[in-house]
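**Student:** This structure is in structure tokens; I'll ask about it shortly.
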Amino acid sequence: MDNILAALQPNILIPLLISMFFGIFVGGIPGLTATMAVALIIPISYYMSPLAGLAMVLGASFTAIFAGDIPATYLRIPGTPASGAAVLDGFEMTKKGKGGLALALDLICSAIGGIIGVLLLILVAPPLANFALKFTNYEYFWLGIFGLSMSAVLSRGNVIKGLSSALLGLLISTIGIDITTGYPRFTFGNIELMGGISFIPAMIGLFGISEVLKRIQGSDKDLELPTIEEKMKLSIPQAIRITFRKFFIVIKSSIVGTFIGALPGAGADIAAWVAYGVEKKTSKRSDEFGTGIVDGVIAPTSANNAALGGTWIPALVFGIPGDTITAIVLGAMLMYGLRPGPLIFQENADLVQGIFTIAIAAQIILLFVGYLGIKAYSYLLRLKTSIVLAAVVIFSMIGSYAIRNSFFDIYVMLIFGVVGYLLEKIKVPLAPMILGIILGPMIEDNLRVGLTKTGGNWLPFFDRPISLALISFILFVFFGGYVIKFLAKIFRRR
């Protein structure tokens, strides 16, 4: 009890609150990721106690992940990679004048998902981390394929077009230096392409710039956004009622998010897409996903915040980063003289308990800070639609440039904006392409390393229990619906 009270002292809570406001600012600007927010916090936290410094890291990461949903919902530009799935139904709700309701659901479900993720971290950290360590290159390859199979789920109406979009994303992900041979691929002599195509400028262009082009090309009615009263109406009581009604989705998506987050290298962005795909596949309203239903808002936002709790499982238990944020955190812990690993629960029990307490407190504070963040961001939408669209382009350019301080990424963003506009003209979904770009390196790297380890033998990819389980899930994604319908017909005949 004393440890819990110590973690809630003003010298801890004030830095936590400041970092959370900073996280809202960074997460709300497209391209400025939660990782960037944490990286900027670390130099400041160096002069604080370990608990206060880690409180700032926790606060910035949780709020930045949530804040990325604000421009994703209002403007169709994901603020962070983990908000990519939020554009699918969140923005459609905004087009119907229900953007405020979508963000109210985002806020509440982010907080609940974060709490579930932290509670799972507290309860199942050692066994789940042990399970995560059983993943080798073979399992990570199939995990990437499983994530990519979500493209079939995300494709509304035409699976072939969805898979084609995903394959195009995979092709784009191969641009750059080959990890095995060191030979440049598809660079055409351009030095800038040797580092590959960063998926954040690509995502900003596909979702943000393409939407601007659509509105400019359309009629005056298409150019207009919902009225400011509709945009700002958060509908908190209605969102609370919906959350209680859909609480099973929140729990299911949070568990999925925590599990994916616990796998080193997966992170909140993959967790959000997988949770969205799982919910769509198991929902009775699967055909309505992508048209602006609350289920499609609740699933990814519950998962991405829960995933942050999951990423701390391998970080604390084994000192293995679950994502880029916890990689920075591990460096900060070493800076404080702390050694993450199994012994941290005995040698630094007070610190670990303090981290758990702060992580839960951050979810409660998120409700207050996130509400203010949504209100502050909505002031941008008081401007004329033409000015808002111009601001979208400016923010997109700033966010794309900030990734690598490269003007080349701005060109990438603009090119993908035109590509996204043209693809949507022929009804090709954009979400599978983003999945392909994100998961491409994970799939290729683990395939190449796995085959190198086995001398070209494919058998280890198929004869391991976890690999077989993942293959079964993949087959279910593609053929499960047909099998269920076939069995249903047989039982009806009987």
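**Student:** Any idea how far apart Tyr183 and Ile364 come out in nm if each label point goes 7 Å out from Cα toward Cβ?
**Tutor:** 6.0 nm
**Student:** Which sequence of Ile179, Ile77, Ile29 reflects their accessible areas, 1.4 Å probe, from the largest down?
**Tutor:** Result of the area sort, largest leading: Ile179, Ile29, Ile77.
**Student:** Taking a probe of 1.4 Å, how large is the accessible area per residue of the range 18-99, in Å²? Don't skip to the end; give the middle numbers.
**Tutor:** On the way: 2020 Å² over 82 residues.
Accessible area per residue: 25 Å².
**Student:** Run the accessible area of the range 349-478 with a 1.4 Å probe and give the carbon-and-sulfur part as a rounded percent. Don't jump to the answer; show the numbers that get you there.
**Tutor:** Working: 4440 of 6050 Å².
Taking all protein chains in place, the range 349-478 shows 74 percent carbon and sulfur surface.
**Student:** Another question about this same structure. Order these peptides, 237-244, 457-464, by their mean beta-carbon neighbour count within 10 angstrom, highest first.
**Tutor:** Packing proxy ranking, top to bottom: 237-244, 457-464.
**Student:** Okay, next question. Leaving ligands and nucleic acids out of the surface, order Leu17, Leu54 by accessible area at 1.4 Å, largest first.
**Tutor:** Final ranking, largest accessible area leading: Leu17, Leu54.
**Student:** Can you pull the accessible area of Tyr336 for me, 1.4 Å probe, Å² to the nearest 10?
**Tutor:** Roll a 1.4 Å probe over it and Tyr336 shows about 40 Å².
**Student:** Report the label-to-label distance for Trp458 and Ile387 in nanometres (one decimal), using points 7 Å from each Cα along the Cα→Cβ vector.
**Tutor:** It works out to 6.0 nm between the two label points.
**Student:** Give the Rg/Rh ratio for the range 405-480, taking Rg as the radius of gyration of the Cα atoms and Rh as the Kirkwood radius, to two decimals.
**Tutor:** Here the Rg-to-Rh quotient is 1.14.
**Student:** Around Ile175, under 15 Å between beta carbons, what's the net of Lys plus Arg minus Asp minus Glu among the other residues?
**Tutor:** It works out to a net charge of -3.
**Student:** Kindly state, to the nearest 0.05, the FRET efficiency for Phe407 paired with Tyr46, given R0 = 41 Å and r defined as their beta-carbon distance.
**Tutor:** 0.80
**Student:** Count the net charge of all other residues whose Cβ sits under 14 Å from the Cβ of Pro78, scoring Lys and Arg as +1 and Asp and Glu as -1.
**Tutor:** -4
**Student:** Give me the distance in nm between label points sitting 7 Å out from Cα along the Cα-to-Cβ direction at Gln9 and Arg339, one decimal.
**Tutor:** Those two pseudo-labels are separated by 2.7 nm.
**Student:** Right, something else. What accessible surface, in Å², does a 1.4 Å probe find on Lys281, ignoring ligands, DNA and RNA and rounding to the nearest 10?
**Tutor:** Probe radius 1.4 Å; accessible area of Lys281 about 80 Å².
**Student:** Estimate the FRET efficiency between Lys134 and Ile471 by the formula 1/(1 + (r/R0)^6), using the beta-carbon distance for r and 25 Å for R0, to the nearest 0.05.
**Tutor:** Rounded to the nearest 0.05, the efficiency is 0.95.
**Student:** Right, here's the next one. Between Lys95 and Thr174, what is 0.36 nm times their sequence separation minus the Cα-Cα distance? Round to one decimal in nm.
**Tutor:** Here the segment from Lys95 to Thr174 would lengthen by 24.9 nm.
The values are calculated or read from the model by the stated rules, or taken from the named source; none is laboratory data. Everything quoted here is computed from the prediction, not taken from an experiment. In this analysis, Cβ positions are derived from the backbone assuming ideal geometry, glycine residues included, and neighbour counts consider all displayed protein chains. The protein model used for the area step is the full one, side chains on, heavy atoms only, and it has no ligands, DNA or RNA in it. Shrake-Rupley method; radii C 1.70, N 1.55, O 1.52, S 1.80 Å.
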